[in-house]
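Data first, discussion second: the structure below is written as structure tokens.
The values are calculated or read from the model by the stated rules, or taken from the named source; none is laboratory data. Quick caveat: nothing in here was measured; it's all calculated off a predicted structure. As a convention, Cβ positions derive from the backbone with ideal geometry for all residues, glycine included, and neighbour counts pool all protein chains shown.
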Amino acid sequence: MLKVLKYSALFITFFLVVGCSTASIVTTKKGLPPVYVDVNDSYIQKRDVTISVFRLRNYTDTPRAGMRASNIVEGILLTKGYKIKSHITEKAPSLKKARKIAKADGSKYFLYGGVSEWRYKTGIDGEPAVSLQLTLYKTKKGKVVWSATGSDSDWGNASIGTTAQDLIDEMIFEGKASKKEKVKETNSTKSEN
């Protein structure tokens, strides 16, 4: 009987852990250009990386989903040290026009993309579900620097905003930060406390 309880507890724990991890992300190998560059072993230099952020195109039935997702993208990039030229309150321009605007901004890069899901699923729990596509272009030549597509859902007590924030952060930065950036982040968090 004890053996059955032990295996049952293990089985339930396994499915709870697996059930919590529902994000699906596909990304290019190369990440965003780094803000902090290792000059030598003792000095990390902050670079000036400016990105024009445009409202993500809304392919959902949810009004203003593109603006909401863009706002979260913008906030996450700002916390990581990127300089932002915001265009999220304007209607999403064509790719060609976005590049022109980014050139006028003096931005080295611009971010463009779309939202294909932004809703609460129907049913008893009403879990939030989010699907996004983000692409970073080099302004000068219009070449793709980085691209990612991701989808995530969460438990019924989570909000769309927190689900989207977790997904976007994971899409942009998961596994892309260098060891020194992670250590620097940890040290700055400790010094703030």
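When the residues of segment 74-111 are filtered to those that are free of Cβ contacts under 8 Å to residues at least 40 places away in the same chain and assigned to a loop (DSSP other than H, G, I, E, B), which remaining residue is nearest to Glu170 (Cα to Cα)? Checking each candidate, the answer is Ile88.
For every residue, the table says whether it meets (1) at pLDDT below 95; (2) over 23 Å from Gly31 (Cα atoms); (3) over 15 Å from the mean Cα position of the chain (by Cα).
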| position | (1), (2), (3) |
| --- | --- |
| Lys97 | no, yes, yes |
| Ala102 | no, no, yes |
| Gly114 | no, no, no |
| Ile124 | yes, yes, yes |
| Val130 | no, no, no |
| Leu136 | no, no, no |
| Thr149 | no, no, no |
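Checked against the criterion of being of a type in the set (S, T, N, Q) and at pLDDT below 90, segment 168-186 has at least one qualifying residue. Pairs meeting the criteria (first residue in segment 47-64 and under 14 Å from Ala92 (Cβ atoms), second residue part of a loop (DSSP other than H, G, I, E, B) and among the polar types (S, T, N, Q), beta carbons under 6 Å, at least 6 apart or on different chains) are Ser52/Ser107. Does Val144 satisfy the criteria of being among the aliphatic types (A, V, I, L, M) and surrounded by fewer than 16 Cβ atoms within 10 Å (Cβ to Cβ)? Criteria met by Val144.
A quick yes/no check of all residues on (1) of a type in the set (A, V, I, L, M); (2) modelled with pLDDT under 90; (3) within 29 Å of Val144 (Cβ to Cβ):
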{"site": "Ala9", "(1), (2), (3)": "yes, yes, no"}
{"site": "Thr13", "(1), (2), (3)": "no, yes, no"}
{"site": "Thr22", "(1), (2), (3)": "no, yes, yes"}
{"site": "Lys46", "(1), (2), (3)": "no, yes, yes"}
{"site": "Arg57", "(1), (2), (3)": "no, no, yes"}
{"site": "Met67", "(1), (2), (3)": "yes, no, yes"}
{"site": "Ile76", "(1), (2), (3)": "yes, no, yes"}
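If the condition is being out of contact with any Ser or Thr (no Cβ under 9 Å at 6 or more places or on another chain) and at positive phi, then segment 60-108 contributes Arg64, Gly81.
What do you reckon, is Ile124 crowded, with 17+ Cβ neighbours inside 10 Å and of a type in the set (A, V, I, L, M, F, W, C)? So Ile124 fails the test.
Considering segment 134-156, the residues that are touching a residue at least 40 places away in the same chain (Cβ under 8 Å) and β-branched (Val, Ile, Thr) include one that is farthest from Tyr109 (Cα to Cα), namely Thr149.
Selection of first residues in segment 119-133 that are farther than 19 Å from Tyr59 by Cα and of second residues that are among the charged types (D, E, K, R) and surrounded by fewer than 18 Cβ atoms within 10 Å (Cβ to Cβ), restricted to Cβ pairs under 9 Å at least 6 apart or on distinct chains, gives the following pairs, ordered by first then second residue: Glu127/Lys121.
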